[in-house]
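Undergrad: I have a structure I would like to understand better, so I am pasting it below and will then ask my questions one at a time.
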Amino acid sequence: MTRKGDSVIVNFENVFGTPKEIQWSWGSPVSDSDNDSNGWQPYANPLTIPLTPELREDAPCTPVTLYTRVRNTEVGKIESFAKSDAITIDARVEAQYRIRSPYAVDDEIELNDIAALAGATLNDFSGGRGDPNYTRLPAFHLSLDGSDDCSGVASFTVAKAGSTISSTKALADDRFDDFVLFPDFIDAKDGLNRFTVTVRDGAGNELPVAFSLVLDTSDPVLDLTSPGTITVTDRSPSDSLLVDIDLTDINLTDAELPGVTTSSGRQFWGVWIAVSRTEVANPANNSALEWIEYETPGDSSSVRVPEFSLASGLDDAEVTPGDYYIYVRFLDRAGNPTDDALSFTYTLVNVDEPEIFLPIVRR
């Protein structure tokens with residue numbers, strides 16, 4: 001196989017006589033009127049023979065026959081029968097890939113492992129998923145499938161823009177689906193980080209893929225002097241488990257990140273909501289609470305979470321009439337949560353569980 005833009009190196013075995021010149025042709029028998037060598041050329045063994053422009057640009061990834069014939073100009077003899085060999089040309093990397101935040105992948109065990117390699121624990125970076133272009137860990141998730149490449153995908157290299165540090169991973173089965181640390185993860189800085197993943201196949205072709213991720217390890221901070229307000233209202237019917245949560249004039253600050261331009265307005269990406277049947281003194285440090293993430297699109301500091309279920313995160317036996325303590329924390333784009341939360345106590349008089357009505361089917 002040969003790479004796109006290269007030539008093939010041809011070795012001639014069991015040569016009789018003393019050839020002085022050679023002609024060659026790709027895909028059809030060589031002759032004076034049909035050749036790709038532009039006539040007779042000086043003979044050498046081994047000999048570098050260029051690909052035609054068509055083969056360089058649109059290699060079929062199937063065997064292509066190269067025909068050659070030689071002559072001795074001193075005695076005027078031309079080889080009676082052209083020699084040939086089939087060569088498979090792989091002109092480019094054929095691969096599908098996807099690069100995204102490690103928190104966009106539902107694999108907590110592997111995420112914990114990569115966090116440990118980065119010198120942190122998953123709990124140190126607990127939070128929501130956030131925007132897939134942001135991360136709280138100096139890592140990303142790479143899905144790579146090179147099974148359609150005729151020579152197979154052999155490796156990939158991750159290099160950071162403006163840095164000489166890189167890392168290379170060899171592949172055994174043309175696929176990769178795992179977390180990858182930033183090459184400079186030890187010294188990675190918050191802000192915009194630009195990278196190039198270069199995929200290589202077995203023929204040596206390269207496919208460079210440029211991408212960027214914003215690293216943000218700072219938690220947003222809720223302004224406790226004027227944090228905003230939370231209101232929970234029932235829906236029709238009034239004893240439904242579904243409620244609307246309105247968050248008004250939320251006031252918090254988040255760290256400015258180098259290389260990142262944000263629009264004016266609010267500084268949170270979404271909310272984290274938990275429900276408890278007993279009042280919680282410190283929601284951020286209560287491991288019994290199950291936090292549920294909601295993205296709240298837009299720039300307004302006032303948002304609504306519609307049709308939130310009071311049963312979220314609770315066992316069936318806990319869903320009874322009475323007080324429900326609702327806690328709301330705020331997430332930045334990287335999924336970092338505020339330490340402080342807004343709270344609201346909602347009293348449910350009766351439990352009217354949702355019903356599902358199915359059409360009658362007769363045979």
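Undergrad: Considering only segment 263-299, state which residues are more than 15 Å from Thr345 (Cα to Cα), among the hydroxyl-bearing types (Ser, Thr, Tyr) and surrounded by 14 or more Cβ atoms within 10 Å (Cβ to Cβ).
TA: Tyr294, Thr296
Undergrad: While we're looking at this one, here's another question. So in segment 228-258, with the set limited to residues that are in a loop (DSSP other than H, G, I, E, B) and acidic (Asp, Glu), which one is surrounded by the most Cβ atoms within 10 Å (Cβ to Cβ)?
TA: This residue is Asp254.
Undergrad: Shifting gears a bit: With the requirement that a residue be modelled with pLDDT of 95 or more and in contact with an Asp or Glu (Cβ under 7 Å, 6 or more places away or on another chain), what does segment 149-198 give you?
TA: Hit for segment 149-198 is Thr198, nothing else.
Undergrad: If you go through segment 285-304, how many residues are part of a strand (DSSP E or B) and either under 29 Å from the mean Cα position of the chain (by Cα) or among the small types (Gly, Ala, Ser) (or both)?
TA: 4
Undergrad: State whether one or more residues within segment 39-51 are without any contact (Cβ under 8 Å) to a residue 24 or more places away in the chain, in a loop (DSSP other than H, G, I, E, B) and farther than 26 Å from Glu206 by Cα.
TA: Keep residues of segment 39-51 that are without any contact (Cβ under 8 Å) to a residue 24 or more places away in the chain, which gives 39, 41-42, 44.
Narrowing the set further to residues that are in a loop (DSSP other than H, G, I, E, B) leaves 39, 44.
So of that shortlist, the ones also farther than 26 Å from Glu206 by Cα come out as 39, 44.
Looking for residues that are without any contact (Cβ under 8 Å) to a residue 24 or more places away in the chain, in a loop (DSSP other than H, G, I, E, B) and farther than 26 Å from Glu206 by Cα, one finds at least one in segment 39-51, hence yes.
Undergrad: Here is a further query. When the residues of segment 23-51 are narrowed to those that are exposed (fewer than 14 other Cβ atoms within 10 Å of the Cβ) and hydroxyl-bearing (Ser, Thr, Tyr), which ends up nearest to Asp90 (Cα to Cα)?
TA: Result: Thr48.
Undergrad: Could you please find all residues in segment 305-346 being hydroxyl-bearing (Ser, Thr, Tyr) and assigned to a strand (DSSP E or B)? Quick ask: steps written out before the conclusion?
TA: Of all residues in segment 305-346, those hydroxyl-bearing (Ser, Thr, Tyr) come to 309, 312, 320, 324-325, 327, 338, 343, 345-346.
The answer is Ser309, Tyr324, Tyr325, Tyr327, Ser343, Thr345, Tyr346.
Undergrad: Scan segment 304-342 residue by residue and report those that are surrounded by 15 or more Cβ atoms within 10 Å (Cβ to Cβ), more than 17 Å from Leu242 (Cα to Cα) and of a type outside the set (D, E, K, R).
TA: Across segment 304-342, the qualifying residues are Phe330, Leu331, Ala334, Gly335, Asn336, Pro337, Thr338, Ala341, Leu342.
Undergrad: Looking only at segment 205-227, filter to residues that are over 23 Å from the mean Cα position of the chain (by Cα) and in a loop (DSSP other than H, G, I, E, B); which one of those is surrounded by the most Cβ atoms within 10 Å (Cβ to Cβ)?
TA: My answer is Pro220.
Undergrad: With the condition kept exactly as written, say whether any residue in segment 173-187 is crowded, with 16+ Cβ neighbours inside 10 Å, aromatic (Phe, Trp, Tyr) and in a loop (DSSP other than H, G, I, E, B).
TA: Within segment 173-187, one or more residues are crowded, with 16+ Cβ neighbours inside 10 Å, aromatic (Phe, Trp, Tyr) and in a loop (DSSP other than H, G, I, E, B).
Undergrad: What do you reckon, is Ala91 part of a loop (DSSP other than H, G, I, E, B), modelled with pLDDT under 85, surrounded by fewer than 22 Cβ atoms within 10 Å (Cβ to Cβ) and more than 19 Å from the chain's Cα centre (by Cα)?
TA: Working: part of a loop (DSSP other than H, G, I, E, B): yes; modelled with pLDDT under 85: yes; surrounded by fewer than 22 Cβ atoms within 10 Å (Cβ to Cβ): no; more than 19 Å from the chain's Cα centre (by Cα): yes.
For Ala91, the condition - part of a loop (DSSP other than H, G, I, E, B), modelled with pLDDT under 85, surrounded by fewer than 22 Cβ atoms within 10 Å (Cβ to Cβ) and more than 19 Å from the chain's Cα centre (by Cα) - is not met.
Undergrad: Here is a follow-up. Filter segment 17-38 for residues that are part of a strand (DSSP E or B) and basic (Lys, Arg) and give the result.
TA: Within segment 17-38, no residue meets the criteria.
The values are calculated or read from the model by the stated rules, or taken from the named source; none is laboratory data. What you see is a predicted model, and the numbers here were worked out from it, not measured in a lab. Neighbour counts are summed over all protein chains in view; Cβ atoms, including those assigned to glycine, are modelled from backbone coordinates with ideal geometry.
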